[in-house]
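Participant: Next up is a structure, given as structure tokens.
Coordinate-derived values only; no laboratory data. It should be emphasised that the depicted structure is a prediction, and the values quoted were computed from it without experimental measurement. So basically every Cβ, Gly included, is an ideal-geometry build from the backbone, and we count neighbours across all protein chains shown.
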Amino acid sequence: MNSVQRFLHRPFFIKLFNWEYWSFTAVYLWIYPVWVLLCLRTRSFFFFAASNPSIKNGGFLCESKKDITAIIPPQYHPPTVFFTIPAHADAVLQELGRAGLQYPLIGKPNIGGRGRGIKALRNEEDVRRYVSRAYLDFHIQEFVPWKNEAGIFYVRYPNENRGRITGIVRKEFLSVTGDGQHTIRQLLQQDRRAIMYLAGLDKIHGKDLDLVLPSGEKKIVSPYGNHSRGSKFLDDTHLADEALTRQIDHICRQIPDFYFGRLDIRFDTWEALKEGRNFSIIEVNGAGAEPTHMYDPRHSLFFAWKEIIRHWIILNRISRMNHKRGHRYLSFREGLAMFKEDKEWSRKLAEMPQ
């Protein structure tokens, strides 16, 4: 690596020349006028609340994962137990035992987003540590073993009998492959993506990053399908064929009044998923869901803006149609209260274990 390459390898320049690492505001600020026009069309700044009537705020902000899980057919999601704070580790472990959950497990805040507060729990000690630092209601679910993860964006207009897939993102977990000489930390420092998450990985793995992997051994250092936790997002929308669309529509039609959102799914193979086998829905996101296939490094910022606006227009139309069916928008006061609540949740999420 020459001096120019080393200079451009710094996080500042990686972020500067790759919009996928920009802040939410930096990406969305330029297209907010479109959102305002859509609000004027509905005469409401909070029209999205009518998009998915069975989910709080339509799933835009502050929605409860416990409430969403309750409306998903149980055969489609991993075994999960919900807890309220203050929680005691002994009681949590007893409840997990009664529910028959097996390690490894995943701990998640009941209200969250962008991977915040998600923690892998490999043993009883991990569970105790997670519970002791839980500042929000949380849930613990079995880790889904399937090797693939995708986010599938689904929309259906209320007057239609069948919905469609508008985007598929495939997630590549952040990993390194050993060479028998360099430590995991050194291998991460050589990777332009990994270097953006090195501080967080150091907090999670600590001295384990100083281990030297045997040549050819691959290690996933962040097993979370979140862009904010290091996963690379790749656009696989072209895989939305008739068989996959039929299967996803079949699933989503079983979720009451669900018209707009993204399913995050762990699965074995695309073929099995199309047949309704070997998969599990690990999260359902509503009106606040992003078309995350736009984060594919091959896509430009202009492509991202096009996809965001396209989905905003669909969201607006679905909301207006549901409004005519009797589902209300949030009032201005309720909308402000929602954002205030989200700000408080974000503050508490920052204190959750990573």
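Participant: Please name whichever of L96, A134, V81 sits farthest to the positive end of the charge dipole of the range 79-143, dipole taken about the Cα centre and charges placed at Cβ: Lys and Arg +1, Asp and Glu -1.
Facilitator: A134
Participant: For S64, what residues show an amide H to amide H distance below 5 Å, using hydrogens built from the backbone and excluding near sequence neighbours?
Facilitator: Amide H neighbours of S64: K56.
Participant: Then there's this: Dimensions of the range 79-143 along principal axes (Cα, Å, largest first)?
Facilitator: Principal axes ranked by extent give 28, 23, 18 Å for the Cα atoms.
Participant: Over the range 79-143, what is the relative contact order in whole percent, taking alpha-carbon pairs under 8 Å and six or more residues apart?
Facilitator: Across the range 79-143, relative contact order equals 51 percent.
Participant: Whose amide H sits under 5 Å from the amide H of Y259, counting only residues 5 or more places off or on another chain, with H placed in the peptide plane?
Facilitator: When sequence neighbours closer than 5 places are left aside, there are no close amide H contacts.
Participant: So for the pair S331, T269, with labels modelled 7 Å out along Cα→Cβ, what separation do we get in nm?
Facilitator: Reported label-point gap for S331 and T269 is 5.6 nm.
Participant: Any idea what diffusion coefficient the range 1-91 gets from Stokes-Einstein, in µm²/s, Kirkwood Rh on alpha carbon pairs, 10 °C, 1.306 mPa s?
Facilitator: Taking Rh from Cα pairs, D becomes 87 µm²/s.
Participant: Amide H to amide H, which residues 5 or more places from D296 or on other chains are under 5 Å from it, using H placed in the peptide plane?
Facilitator: For D296, the qualifying residues are D235.
Participant: When the dipole is taken about the Cα centre of the range 220-354, and only Lys, Arg (+1) and Asp, Glu (-1) are charged at their Cβ, what size is it in debye, to the nearest 20?
Facilitator: Its charge dipole is roughly 620 debye.
Participant: Still on this model: For n ≥ 4 DSSP H runs only, could you compute -39500 (n - 2.57) per run for the chain, divide by its residues and tell me the 222 nm figure to the nearest 500? Walk me through the numbers before you get to the answer.
Facilitator: On the way: 13 runs with 126 residues, N = 354.
Calculated mean residue ellipticity at 222 nm is -10500 deg cm²/dmol.
Participant: OK, next. Can you give me the C-alpha center-to-center distance between the range 278-354 and the range 134-157, rounded to a whole angstrom?
Facilitator: First find each Cα centre; the distance between them is then 15 Å.
Participant: Here is a follow-up. Defining a contact as two alpha carbons under 8 Å apart and six or more residues distant in sequence, what relative contact order in percent does the chain show? Display every interim value, and only then the final one.
Facilitator: Numbers: 619 pairs, mean separation 92.7, N = 354.
Relative CO of the chain lands at 26 percent.
Participant: Ranked highest first by the average count of other Cβ atoms within 10 Å around their residues, in what order do 262-272, 245-255 fall? The partial results should precede the final answer.
Facilitator: Working: 262-272: 19.2, 245-255: 17.1.
Going from most to least packed, we get 262-272, 245-255.
Participant: While we're here: Using a simple charge model, +1 on the beta-carbon of Lys and Arg, -1 on the beta-carbon of Asp and Glu, nothing else, what dipole does the chain show about its Cα centre, in debye to the nearest 20? Don't skip to the end; give the middle numbers.
Facilitator: Working: 51 positive and 38 negative charges, 214 e Å.
Around 1020 debye, computed over the chain.
Participant: For the range 61-218, what does the alpha-carbon gyration tensor say about shape, rounded, prolate or oblate, given a ≥ b ≥ c as the root eigenvalues, a/c under 1.5 as rounded, and a/b over b/c as prolate?
Facilitator: Judged from the Cα gyration tensor, the range 61-218 comes out oblate (a/c at least 1.5, b/c at or above a/b).
Participant: Could I ask something else about it? Using only Cα atoms and rounding to the nearest 10 degrees, what angle (0 to 90) does helix 332-349 make with the longest principal axis of the chain?
Facilitator: Computed tilt is about 10 degrees.
Participant: So which of K15/K65; K108/K171; K119/K306 end up more than 23 Å apart by C-alpha? Could the numbers behind the result be given before it?
Facilitator: Working: K15/K65 32 Å; K108/K171 19 Å; K119/K306 34 Å.
Distance filter (> 23 Å) returns K15/K65; K119/K306.
Participant: Separate question: Please find the FRET efficiency linking L239 to F302, where r is the Cβ-Cβ separation and R0 is fixed at 22 Å, and quote it to the nearest 0.05.
Facilitator: For L239 and F302, the calculated efficiency is 0.40.
Participant: Mind giving me the FRET efficiency for A89 and A350? R0 is 25 Å, r the Cβ-Cβ distance, nearest 0.05 is fine.
Facilitator: 0.65
Participant: What does the chain give for Rg and for Dmax, in Å, if only its C-alpha atoms count?
Facilitator: 20.9, 65
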